[in-house]
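Participant: The structure's right below; bear with me while I get my questions together.
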Amino acid sequence: MMESNRVYLDNAATTWPKPESVYRAVDQYQRELGCSPGRGVYRHATRADQVVAQARDRVAQLLEAEDSRQFIFAFNGSDALNLAIRGSLRPGDHAVTTAADHNSVLRPLRFLEETQGVAVDRVPCDAAGRVDAAAFAQAVQAKTRLVAINHASNVTGTLQDVPRLIEIVRRQAPDALVLVDAAQSLGHLPLSVRQWDVDLLAAPGHKGLLGPMGTGLLYIRPGVEDRLAPLRLGGTGSQSNEDRQPAMLPDKYEPGNHNAVGLAGLAAGVAWVEERTPAALRRHELALLTALLEGLGGIPGLTLYGPHDPAQRVGVISFRMEPFEPHELATLLDLRFGIQVRSGIHCAPRMHAAIGTLEKGGTVRISTGPFTTPAEVEHVVESLRQLSRERGGIAVPV
Ligand SMILES: Cc1ncc(COP(=O)(O)O)c(C=O)c1O
């Protein structure tokens, strides 16, 4: 959004601004309720409880799930991924993930590999960030217990062919759970837990769903909870006469006070997404993406990464522009043009290795949001064109 010399294009990290309704919901919860949900019987506590229930119902509705109790609230995407990964794998198990995945998948898996003898196969990607399906089919084995797949890359925006990958898992690994990391896709395009044969789906609440930071969610397919150990245990306000964690959902995985303020905002964010519709938000994103790819593609010295076809990616664009270092370029864009973007490795070292930028300091990343305008896209393209001209626009071979 272009506001007081600030063009925010770091929506892949967290979306900003949020819809007005999100700010209002957060403020209202703090001022008018302010109490703990799921515990008390007094009027305000009951209303607080309803706020959390409403957030859960809205998320379930957006993802077309039948039972909202199958959605566990977490504190961010990483928290949800940790529950899925560390809750499902046991010592000696075999897991598969991909080079497109984020450190919030890669690091829990690396930890289990190093401390519990979990065997992990990491499937490579091509230079556009697409998972190599043949290598994936080789990695998935009858003994595989968990397959963690990124849906949309936070580096190149590349969308993976998730149904095809899941089909391979189902054919070859009858006992495997499939976990999809939808951090960069949920809220960006139509998504349903019915459209895929998925067991676990994790996402932050503060990106495409437009909730505040400190929110995240994990969808658990009915029955999969029997294979998923809770990571955090404690008071839930339910079955308080027992010192054993309740087995029912969502309490099994949600001890302690909720981020109820955040969930009030998340409910409003999801309502906004539903009202606009994910299909319309996707059209907006595609229009911006198309303009960005066209505009940036013509700048001397600028190399774009990821698929050329906007339909195969989300609104996340990585590039380098010689002779600038990514951090230098991101600093110049902010200080001279008010454009705020991310630079570096974006917590995805294997994707940077796949596109050839790991050893070079990574890329600069532009990520659009629902409030990004065509005028802002033009401003970015024009600013980069100017910087390229000033430094001589050195063309580099791809
Ligand atoms: C693909 C992907 N997965 C997981 C995460 C982690 O999400 P969070 O920052 O909410 O923990 C991110 C965040 O950037 C991401 O882009």
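Participant: For segment 20-276, what is the convex hull (Cα atoms) projected area averaged across all directions, in square nanometres?
Facilitator: So the mean shadow area of the Cα hull is 13.8 nm².
Participant: Taking the Cα centre of segment 20-276 as origin, sum charge times position over the Cβ atoms of Lys and Arg (+1) and Asp and Glu (-1), and report the length of that vector in debye to the nearest 20.
Facilitator: So the dipole magnitude of segment 20-276 works out to roughly 220 debye.
Participant: What do you get for the angle between helix 278-297 and the principal long axis of the chain? Use alpha-carbon atoms, 0 to 90 degrees, nearest ten.
Facilitator: 30 degrees
Participant: Carbon and sulfur atoms: what percent of the 1.4 Å accessible area of segment 20-276 do they account for?
Facilitator: Roughly 46 percent of what the probe reaches on segment 20-276 is carbon or sulfur.
Participant: Rank these by accessible area, largest first, 1.4 Å probe: S383, S78.
Facilitator: S78, S383
Participant: Follow-up. Tell me, how many Å apart are the Cα centres for segment 143-222 and for segment 1-67?
Facilitator: So the separation of the two Cα centres works out to 22 Å.
Participant: Placing +1 at every Lys and Arg Cβ and -1 at every Asp and Glu Cβ, with all other atoms neutral, what dipole size does segment 250-391 have around its Cα centre, in debye to the nearest 20?
Facilitator: About 240 debye.
Participant: Using a Förster radius of 25 Å, what is the FRET efficiency between N257 and A229 based on their Cβ-Cβ separation? Nearest 0.05, please.
Facilitator: After rounding, the FRET efficiency stands at 0.70.
Participant: Still on this structure, please answer the following. Using Cα atoms only, what is the angle between the long axis of helix 374-390 and the major principal axis of the chain, expressed in degrees (0 to 90) to the nearest 10?
Facilitator: Roughly 40 degrees, rounded to the nearest 10.
Participant: Now a separate question. How much accessible area per residue does segment 336-382 have, in Å², with a 1.4 Å probe?
Facilitator: Counting only protein heavy atoms, the per-residue value for segment 336-382 is 36 Å².
Participant: Still on this structure: Among the lysines, which fall within straight-line cross-link reach of K360, defined as a Cα-Cα distance under 28 Å, with same-chain neighbours fewer than 8 residues apart omitted?
Facilitator: Those lysines meeting the cut-off are K207.
Participant: Treating only the Cβ atoms of Lys and Arg (+1) and Asp and Glu (-1) as charged, compute the dipole magnitude of segment 7-132 about its Cα centre; round to the nearest 20 debye.
Facilitator: Computed about the Cα centre, the dipole is about 540 debye.
Participant: Under 14 Å from the Cα of K18, which aspartates and glutamates turn up, not counting those fewer than eight places away in the same chain?
Facilitator: Cα-Cα hits under 14 Å: E3, D10, D27.
Participant: Calculate, in nm to one decimal, what F111 and E32 gain on full extension: separation in residues at 0.36 nm each, minus their alpha carbon distance.
Facilitator: Roughly 24.2 nm would be gained on extension.
Participant: For Cα pairs less than 8 Å apart in space and 6+ apart in sequence, what is the mean separation divided by the residue count of the chain, i.e. the relative contact order in percent?
Facilitator: 23 percent
Participant: Pairing the Cα long axis of helix 162-172 with the longest principal axis of the chain, what angle in degrees results, from 0 to 90 and rounded to the nearest 10?
Facilitator: On a 0 to 90 degree scale, this one is about 60.
Participant: Just name one of N82, F71, P246: the one whose Cα is farthest towards the positive end of the charge dipole of segment 20-276 (beta-carbon charges, Lys/Arg +1, Asp/Glu -1).
Facilitator: Going by the charge dipole, the pick is P246.
Participant: Where only protein heavy atoms count, and the probe is 1.4 Å, what is the accessible area per residue for segment 20-276 in Å²?
Facilitator: With all protein chains present, segment 20-276 gives 41 Å² per residue.
Participant: Using only the Cα atoms, what convex hull volume per residue in Å³ does segment 1-121 have?
Facilitator: Here the figure is 180 Å³ per residue.
Participant: So in segment 20-276, what percent of DSSP beta bridges are antiparallel if you round to the nearest 5?
Facilitator: So the antiparallel bridges in segment 20-276 amount to around 40 percent.
The values are calculated or read from the model by the stated rules, or taken from the named source; none is laboratory data. Note that the coordinates shown come from a computational prediction; the quantities given were computed from them, not determined experimentally. Positions of Cβ are backbone-derived with ideal geometry, glycine not excepted, and every protein chain shown enters the neighbour counts. Note: areas computed on protein heavy atoms with side chains; ligands, DNA, RNA excluded. Shrake-Rupley method; radii C 1.70, N 1.55, O 1.52, S 1.80 Å.
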